[in-house]
1. Looking at residue 201, is it on the phi > 0 side of the Ramachandran plot, hydrophobic (A, V, I, L, M, F, W, C), out of contact with any helix residue (DSSP H, G or I) (no Cβ under 8 Å at 6 or more places or on another chain) and not assigned by TED's automatic domain parsing to the domain that holds residue 100?
2. Report yes if some residue within segment 66-74 is modelled with pLDDT of 95 or more, closer than 25 Å to residue 162 by Cβ and crowded, with 20+ Cβ neighbours inside 10 Å; otherwise report no.
3. Which of the numbered conditions does residue 104 fail, given that it passes all the others? Conditions: (1) under 20 Å from residue 118 (Cβ atoms); (2) surrounded by 19 or more Cβ atoms within 10 Å (Cβ to Cβ).
4. Please enumerate the residues belonging to segment 81-120 that are touching a His at 6+ places or on another chain (Cβ under 9 Å) and of a type in the set (Val, Ile, Thr).
5. Checking the structure you have, find out if any residue of segment 135-145 is modelled with pLDDT of 95 or more and in contact with a His (Cβ under 8 Å, 6 or more places away or on another chain).
6. For segment 117-134, name all the residues that are farther than 14 Å from residue 5 by Cβ and surrounded by 17 or more Cβ atoms within 10 Å (Cβ to Cβ).
7. For residue 119, indicate whether it is hydrophobic (A, V, I, L, M, F, W, C), in the same structural domain as residue 39 (by TED's automatic domain parsing), closer than 19 Å to residue 101 by Cα and at pLDDT 95 or above.
8. All but one of (1) within 19 Å of residue 116 (Cβ to Cβ); (2) buried (at least 24 other Cβ atoms within 10 Å of the Cβ); (3) touching a Ser or Thr at 6+ places or on another chain (Cβ under 8 Å) hold for residue 90; state the number of the condition that does not hold.
Amino acid sequence: MATILIGLDDTDNATSRGTGHLARRLSAELAARGLGPLGVTRHQFLVDPRIPYTSHNSGACVAVEGDGAAAAVAFDFVAASAADGSDPGVCVAEARAVGPETIAFGRDATRRIVEMDEALEVARTAGLDLRALGGSGLGVIGALGSVALRAEGDEGRFIDLPGLRELPPRVTLPALARLGIRVEQRSDDRPARADDALETLGWVRPRLVGGEAVLPVEWSDEHDAWVPVDRKRADASRKPADG
């Protein structure tokens with residue numbers, strides 16, 4: 001079966017839940033239709049006052065295993081679910097069809113302003129199904145960029161994996177491995193032991209590294225456990241990123 005990547009962006013407005021939340025809903029919908037969930041990743045693009053975005057200028061990519069034709073339901077799902085006044089875009093592509101030019105576009109979107117016409121042309125040339133689904137359609141930029149960065153496999157963060165959001169506050173390292181998460185220990189003076197645990201601190205969001213879910217951890221004497229290096233930082237002045 002093929003790995004299908006579904007990028008989406010600009011599906012929210014100033015008061016709605018973010019694109020990451022909708023991406024997780026889409027992943028659940030596709031799983032209910034028989035496609036195998038491979039996780040949802042969040043991808044950060046350039047933050048610049050000249051770029052119109054709702055809160056964070058990040059897109060999301062849903063990865064599933066199965067039939068690309070079945071995954072095409074994503075277009076109708078996002079069109080029906082996107083918030084009023086949003087500018088949604090969706091890209092559906094087989095991972096193996098995402099070539100160097102598309103990946104280069106995704107990288108560019110993280111460091112310079114890219115235009116909607118540029119995204120559409122890159123997708124057309126590569127034969128990828130990229131669609132504007134309402135409003136200005138500017139979401140096609142982040143949708144294509146999210147597919148590109150997920151395919152490249154080295155820039156992003158998992159905001160969903162089967163079982164990730166059901167983890168208990170304290171979990172064993174083998175339990176994380178069973179979810180497909182590779183733990184990367186950052187404490188040279190504390191070697192890992194078979195009975196070690198991770199204190200999740202309520203937020204486990206592995207990095208996308210080498211196409212894998214990688215969780216950097218460090219030892220905490222306070223918790224007598226490993227803790228994630230990446231920890232949630234509350235900022236009441238900003239809309240939640242649904243990460």
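1. When the stated conditions are applied, residue 201 passes them.
2. Yes: segment 66-74 contains one or more residues that are modelled with pLDDT of 95 or more, closer than 25 Å to residue 162 by Cβ and crowded, with 20+ Cβ neighbours inside 10 Å.
3. That leaves (2) as the condition not met.
4. The answer is 110, and nothing else.
5. There is at least one residue in segment 135-145 that is modelled with pLDDT of 95 or more and in contact with a His (Cβ under 8 Å, 6 or more places away or on another chain).
6. Listed by number, the residues that qualify are 119, 120, 122, 131, 132, 133, 134.
7. yes
8. Among (1) within 19 Å of residue 116 (Cβ to Cβ); (2) buried (at least 24 other Cβ atoms within 10 Å of the Cβ); (3) touching a Ser or Thr at 6+ places or on another chain (Cβ under 8 Å), the lone unmet condition for residue 90 is (3).
The values are calculated or read from the model by the stated rules, or taken from the named source; none is laboratory data. Remember, it's a predicted structure, so these values are computed and weren't measured experimentally. Note that we place each Cβ from the backbone using ideal geometry, even for glycine, and neighbour counts take in every protein chain shown.
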